[in-house]
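Every number here is computed from the coordinates shown, using simple stated rules; none is lab data. Note that the structure is a prediction, hence the values are computed from the model and not measured. In this analysis, Cβ positions are derived from the backbone assuming ideal geometry, glycine residues included, and neighbour counts consider all displayed protein chains.
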């Protein structure tokens, strides 16, 4: 599920009517089968600059030492950072048509799977002042290819209809793709059609939109959770450093040899749809976090957490791709004549202000259940890169839903309800995280059974909606073993804390990062509201000190993020950090105060031999 701005919904409906293209009947395994007769190839090229921002580290010996460590990082570090910057282009490229509305000749030009990206570093890292920001940066070149049917390039961009045609898609990117939420808040986050608090520190790439502007609730096109006082471009210039570039698309002659090298995907059901859990995303994109819920929160109302107060949650990405040859086609869920609407499969949530589909998936961890209500089944990622998967996407709005063949529907970790409540679960030993898509067979992964008029038949089920009405299910001829790939299972463990106390995975540094922290016991009590002062011993190396709330009921510090911290600063030897004593929100006695302390090295990078970290 990915958002679409309200102004783009009319574009989607019109675009679908104009550019509906069949999903095709066969998808070859990457590099393993002969090329399909005919096809198209688009070369994608981008030159950019990526870096590590040093601004948050105090000027002087500490910053100089950090800069030397960053400059010493090997090529793999910079290649990964470049890939993370490239990933920020995905929202605009997938939902590209909406950015050119009302021009209906534009459509998706999505990034292909990362397995066929090619990134080359152009020179060595160097220290540079970019727009007044102190950055260690490196130039790079990105190249990949989009493989599709012959008509798709011209259908989504007229200038690509012929061999030799080119198109430049403009991008404004942060020079440092990390810590975007900590540095710029929600200025670059497009939350349209999402519930509040969908963005968190680890999923910002999924929401990045350079066109987000200063808004009010009455004029909102991007923002839901908060309304920043800066546009995205203003925030990037002020707090990070801005890189202006473009993704160039070039229509090159179709080559069976090249197509064989960039072809990705295979069809598992040649006669219908086939939903497949993307297990590798479950493993890579899972985090543990603490959140506090009031009794009147949507999460309590919908039963996705066990109780009000502090809860420990395992959030993970639940991504599904359609490896079949046909689409899951639901259509307009606001149309009373739509048989899916008449079947009461979708219910409108007064809390989240969108439709819920309660039978999309189930998930669990160590016996703790979760419940996934899919509120937008959409084409959000073109998982297949082949001659039978068009670039056009038929389902790109919460109003017009489905999953096209070769495309997929993504539910990113961090979204409200996209978790298992593991409060009280011992996570020190590994347990299986299980995600089961379409457990109640409400989506037809086979051939729909039609009546004499050619319309799908829906049968009553044992399920009812919130008003007690019977929910009906589409009648479907499922193939043998249709659900063999509907369950994803990965092993997850954690010694305690949250993702803030886990190791840094992407080379994040400085006081704003949310990784690499260690709890400093014990939990501390203090008079509510009074000033507390912490001192770093004389002679101790500088450390990042973070002060968080505590949970009396859970008996832990809540391992908070930078945005949630009571106090957060680099504290040198012999210096202090002061803050007002925070309330213990779940204390049995009102007015109780307390806090927890976490610390981390300023730069968790390989230290130089003569420098303590």
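Take each peptide in 563-569, 295-301, count the other Cβ atoms within 10 Å of every residue, and average; sorted highest first, the result is 563-569, 295-301.
Simple spin-label estimate for residue 214 and residue 583 gives 3.3 nm between the two label positions (7 Å along the Cα-to-Cβ direction from each Cα).
Here the sum of -39500 (n - 2.57) over DSSP H runs of 4 or more residues, divided by the residues of the chain, equals -3500 deg cm²/dmol at 222 nm, to the nearest 500.
The residues 122, 483, when put in order of fewest to most other Cβ atoms within 10 Å, stand as 122, 483.
Legend: translational diffusion of the stretch 223-301 by Stokes-Einstein, Rh = Kirkwood radius over C-alpha pairs, 25 °C, 0.890 mPa s; D = 123 µm²/s. Using the Cβ-Cβ distance between residue 283 and residue 43 with R0 set to 41 Å, the FRET efficiency works out to roughly 0.85. Annotation: extensible slack from residue 104 through residue 332 equals 80.2 nm (criterion: 0.36 nm per residue apart, minus Cα-Cα distance).
Full extension of the segment from residue 84 to residue 425, taken as 0.36 nm per residue of separation minus the current Cα-Cα distance, would add 119.5 nm.
Specify whether the C-alpha gyration tensor of the stretch 502-601 places it in the rounded, prolate or oblate class, a ≥ b ≥ c being the square roots of the eigenvalues: rounded for a/c under 1.5, otherwise prolate if a/b is larger than b/c and oblate if not.
Since a/c reaches 1.5 but b/c is at least a/b, the shape of the stretch 502-601 is classed as oblate.
Taking 7 Å steps out from each Cα toward its Cβ at residue 64 and residue 129 produces label points 1.7 nm apart.
Overall size of the stretch 135-184 from C-alpha positions, given as principal axis extents largest first: 43, 22, 17 Å. Take the Cα of residue 121, step 7 Å toward its Cβ, do the same at residue 540, and the gap between the two points is 3.5 nm. Length available on full extension from residue 266 to residue 576: 0.36 nm per residue minus the Cα-Cα distance, which gives 105.7 nm. Answer rounded, prolate or oblate for the chain, using the Cα gyration tensor with square roots of eigenvalues a ≥ b ≥ c: rounded when a/c is under 1.5, else prolate when a/b is larger than b/c, else oblate. Because a/c hits 1.5 or more and a/b fails to exceed b/c, the chain counts as oblate.
Based on the Cβ-Cβ distance from residue 463 to residue 294, what FRET efficiency comes out when R0 is 30 Å, to the nearest 0.05?
0.50
Look at the alpha carbon pairs under 8 Å that are at least 6 residues apart: their mean separation over the length of the stretch 502-601 gives a relative contact order of 40 percent. Summary value for the chain: 16 percent relative contact order, contacts being C-alpha pairs under 8 angstrom separated by 6+ residues. For the stretch 6-262, the gyration tensor built on C-alpha atoms gives an oblate shape. Its axis ratio a/c (a ≥ b ≥ c) is at least 1.5, and a/b is not larger than b/c. Its relative contact order, with pairs defined as Cα atoms under 8 Å and 6+ residues apart, puts the stretch 275-492 at 25 percent. Each of the peptides 133-146, 308-321 was scored by the mean count of other Cβ atoms within 10 Å over its residues; in descending order, highest first, they stand as 308-321, 133-146.
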